[in-house]
Amino acid sequence: MYSYNISYELASVFFMVISIGCLLLMRRKRTDRYKKFLLLMVSVLMSLIFDILGALSIGAAVNLPRFVPVALNTVYFVCAAFSGMAYLWYAEAFVGRISRFEKTMSRVNLLIFFAYVAVLLLNVRTGWIFYFDSWMRYTYGPYHWLCYIPTYFYLSYGLVYAFLHYRSLNMREMLSLSGFVLMAVGTLIQVFLMPDTLCIFFFGTLGILAILLFMETPDYAMLQDTLAELDSARIEAEKASRVKKEFLLSISREIKNPMNTVLGMDEMIINESNDDYITGYAKDIRAAGNSLMDTFNKILDYADLETGRLDMVEAPYRVSELVRDIYNSCIGRAEKKGLTLNYDVGSLVPDILVGDAVRIREMIVNLVENGIKFTPSGSVTIFISHTETEKGRILLEIKVSDTGIGIKKEDLDTIFGTVNRVADVRTRSGEGIGLGLAIVTKLADMMNGEVKADSVYGKGSVFTVLLPQTVADPGTVVENAAADSARPVEGHSSGPLFKDPRARVLIADDNDINRAMLMMLLKETEVITHQVSTGEEMLEVLSSEKFDVVLLDRIMPDMDGADAVKRALEIDRVRDYGTRFIAITAGSSGVSRGELYSQGFEDAVSKPVDGKRLEEAVKNCLDKRKTE
């Protein structure tokens, strides 16, 4: 009679029973990871039990029917393989990220397990892996090594899987998951050092203990569950944010297309009507329409800022030109209200800086518009100064002051909160700061700057924006980077910016009214216009005719604007002639200015299209063609 030392694994059985009981009594959520760990513990317990029973049956084989020791040892090998697969499942559940390849491998691993079970069942008849001879002695079969392969294949694959996802795990988790390597250590000890002692799953129990103490304790498990919930909530929030953004973009297009038509036709009435009453009505429509679009654009900008999708494009710009452009944009509104608008750029401020002029302009315009809005009489002043911080770097100081209603002292510290908070301030004080300040604050944060406010209620306010900027190198070439974001100038001078009866402009837009409106806005420039309604038509016309400029709606049913420009630039006639492309966009279309330029567009005009802005864009393209 052959006997094994079962004391190690017998102690492990008691430990596993107590551990499983404790795990079941824990007040934890029954997550997938929890269930997989419980399955792993049960499989190890069953392996321990049947390893002990199998060893005892080998010792008492002469006193038992042959099928009893064969069955007990067969079940042990099945449990051992299943415990390896349970470890793999637990590792997958712990990491929580499974690729398509890994899902395929999970099915393969399951097939390997069932194939192994089939081999063990055949072994009962064939004795390939083990058998009991005529003296009822346990004897290795010719393929006895097969009994170790599935278990250690699963363990190895589980460890490799964990290491491949090491970015998702910390050192504590990696070491704990690696604890099952101890089973391989136990196998070597049992085979080569202690053949009479059962210790393979004793070492497997030590691996379970490592996981239990370091990863499945109530506090750590609850922390992981909470982090998993937070991650899930984050994913849901990002999904909701994307849906909101897509909805706003869709609404943007649906609103801006008809508003583009309304304001475009309204401008034609202003330009062509000789009736002062009709012209006055039309100007009121223009003012109301521009106000509506300003509000809508601010909502879209704020949504972009909330989702972190508003782009920052740094480029050289002239401070004096930027401020003068802002002055020209806002002077009409200030004079209409009887206010004086002043600006002053400090004489020591470097002329050319590197930064996002478009966003800086947006910040100043918002502050100036707020000043005009809440100033019944007096003036609004823009003052620019700077402080040197290090070589080649300055802190640009932008101050916008007004002589308006001011802000109550108790509200001054709260105006930089959320939009809802600003709305609360407005309600209590009878006036307010509006959405513009929320945008200014977020833009300043994105530029590593800050916004401060000082106010005396009833006398006026001063808003200060501090932005770190880089001083441009001498000789830096500056383009008008802020031009494409400029809002329409109210009360612009009559007459076109240029006339060129030889220039040819192709208008590509799927909306009939939009095409007609663009053509009429260019009427006084005397350019020759041609219209197409699809991207394919545009490519066909460009292949046979020469055009100086193409006005292209960025989103058309048959192809994207970027694809249309890319294919157009592959046409020899277009490249050789130097045709320029201007994007007609919905403003907040989710594509940055930098992307539009990289796609081949020379300029971009936002809807609703302002006639002078359109003329300016076309004129710039024609001038560049003439200088080539």
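The values are calculated or read from the model by the stated rules, or taken from the named source; none is laboratory data. Because the structure is predicted, anything quoted here is derived from the model rather than measured. Here Cβ is always computed from backbone atoms with ideal geometry, including for glycine, and neighbour counts include all displayed protein chains. We work out accessible area using only protein heavy atoms, side chains counted, and drop any ligands, DNA or RNA first. Shrake-Rupley method; radii C 1.70, N 1.55, O 1.52, S 1.80 Å.
So here's what we get for this one:
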quantity: Whichever residue in region 16-35 is more than 17 Å from residue 207 (Cα to Cα) and among the charged types (D, E, K, R) and, among such residues, is modelled with the highest pLDDT; calculated: 35
quantity: Whichever residue in region 92-109 is of a type outside the set (D, E, K, R) and under 15 Å from residue 31 (Cβ atoms) and, among such residues, is surrounded by the most Cβ atoms within 10 Å (Cβ to Cβ); calculated: 94
quantity: Matching residues in region 20-52 - criterion: being under 20 Å from residue 223 (Cα atoms) and crowded, with 17+ Cβ neighbours inside 10 Å; calculated: 23, 33, 34, 36, 37, 38
quantity: Within region 384-407, considering residues that are closer than 12 Å to residue 371 by Cα and among the β-branched types (Val, Ile, Thr), the one modelled with the lowest pLDDT; calculated: 407
quantity: Tally, over region 279-304, of residues that are open to solvent by 20 Å² or more (accessible area, probe 1.4 Å), of a type in the set (Asp, Glu) and within 16 Å of residue 246 (Cα to Cα); calculated: 1
quantity: Every residue from region 1-36 that is free of Cβ contacts under 8 Å to residues at least 60 places away in the same chain and either among the basic types (Lys, Arg) or not in a helix (DSSP H, G or I) (or both); calculated: 30, 35, 36
quantity: Flag if residue 125 is open to solvent by 40 Å² or more (accessible area, probe 1.4 Å) and either over 49 Å from the mean Cα position of the chain (by Cα) or modelled with pLDDT under 85 (or both); calculated: yes
quantity: Among the candidates 309, 324, 333, residue that is open to solvent by 40 Å² or more (accessible area, probe 1.4 Å), charged (D, E, K, R) and modelled with pLDDT of 90 or more; calculated: 324
quantity: Residue match in region 60-67 (condition: at negative phi, in contact with a Leu (Cβ under 8 Å, 6 or more places away or on another chain) and either among the hydrophobic types (A, V, I, L, M, F, W, C) or at pLDDT 90 or above (or both)); calculated: no
quantity: Any hit, region 420-437, residues being out of contact with any Ser or Thr (no Cβ under 9 Å at 6 or more places or on another chain), open to solvent by less than 70 Å² (accessible area, probe 1.4 Å) and modelled with pLDDT of 80 or more; calculated: yes
quantity: Criterion (among the polar types (S, T, N, Q), at pLDDT 80 or above and either under 36 Å from the mean Cα position of the chain (by Cα) or surrounded by 15 or more Cβ atoms within 10 Å (Cβ to Cβ) (or both)) met by exactly one of 414, 381; calculated: 381
quantity: Condition met for residue 516 (in contact with a Leu (Cβ under 8 Å, 6 or more places away or on another chain) and not basic (Lys, Arg)); calculated: no
quantity: Meets criteria (open to solvent by less than 80 Å² (accessible area, probe 1.4 Å), charged (D, E, K, R) and at negative phi) for residue 219; calculated: no
quantity: Whichever residue in region 157-208 is open to solvent by 70 Å² or more (accessible area, probe 1.4 Å) and of a type in the set (Phe, Trp, Tyr) and, among such residues, is farthest from residue 48 (Cα to Cα); calculated: 166
quantity: Residues located in region 126-185, provided they are touching a Ser or Thr at 6+ places or on another chain (Cβ under 9 Å) and among the polar types (S, T, N, Q); calculated: 151
quantity: Conditions (1) modelled with pLDDT under 80; (2) buried (at least 19 other Cβ atoms within 10 Å of the Cβ); (3) not polar (S, T, N, Q): number failed by residue 154; calculated: (1)
quantity: The listed residue being open to solvent by 30 Å² or more (accessible area, probe 1.4 Å), in contact (Cβ under 8 Å) with a residue 60 or more places away in the chain and basic (Lys, Arg), out of 409, 373; calculated: 373
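Residues are listed down the side, and each one gets a yes or a no for (1) out of contact with any helix residue (DSSP H, G or I) (no Cβ under 7 Å at 6 or more places or on another chain); (2) free of Cβ contacts under 8 Å to residues at least 24 places away in the same chain; (3) not acidic (Asp, Glu):
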position	(1), (2), (3)
125	yes, yes, yes
133	yes, yes, no
145	yes, yes, yes
156	yes, yes, yes
163	yes, yes, yes
168	no, no, yes
174	no, yes, yes
